[in-house]
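One structure is given below, encoded as C-alpha cells.
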Amino acid sequence: MNQEFLSEVDLAARWAMSSKTLTRWRSARRGPPFVKLGKMVRYAMSDVLEFERNGLRKPLPKPVPEVPAPQDSGPQLTVRDVVAGLNLGHSDVTAPERSAS
C-alpha cells in the first residue's frame, strides 16, 4: 500500500498557517498524527483528511460571566445632596429626608 505524505511546510501551506504553529501543536499533542524520521516530519494524507473531517466544528461561544447584583449600601445621594452638605460644612453628608408627595 502506497500512501502519500505531506511535509510540515506543505501542510502549513494547505491550511494557510505557519509551520511554527504545527511545531507547537506537535509539542502540545494537538493536530493530526505525524511521522518523524530523523529531523523530517511527515503527515499521512489520510490522517490529514480525517483530521479535517473531524475538525469541522463550530467553536462554542464563551460563557458570559454572571455579575452579582449590587448590595444595598444605604441611601443614594445625588450630586446636589453632596454639594449642599459641603456648603453647610457637614463632613458626614447623609441623604435629606424626603417628603411623601
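Rule-based calculations on the coordinates, nothing more; no lab input. This one's a predicted model, so the numbers in the text were calculated from it and none came from an experiment. Counting neighbours? That spans all protein chains shown, and the Cβs are built from the backbone with ideal geometry, glycine included.
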- How large is the charge dipole for the range 1-87, taken about the Cα centre, if only the Cβ atoms of Lys, Arg (+1) and Asp, Glu (-1) carry charge, to the nearest 20 debye? 480
- Before anything else, pin down the relative contact order of the range 5-54: Cα pairs under 8 Å, at least 6 apart, normalised by residue count, whole percent. 40
- Message: Sorting check: for 19-25, 33-39, 63-69, 77-83, which peptide has the highest mean count of neighbouring beta carbons within 10 Å, and how do the rest follow?
- Response: 19-25, 77-83, 33-39, 63-69
- Residue by residue through the range 39-48, the couplings from Karplus 6.51 cos²θ - 1.76 cosθ + 1.60 with θ = phi - 60°, in Hz, x for Gly and Pro, are 9, 7, 10, 10, 10, 5, 4, 5, 5, 5
- Query: Which far-off residues, 5 or more places away or on another chain, put their amide H under 5 Å from the one on residue 41, with H placed in the peptide plane?
  - Reply: 8
- Could you list 40, 45 in order of exposure, starting from the residue whose Cβ has the fewest other Cβ atoms within 10 Å? 40, 45
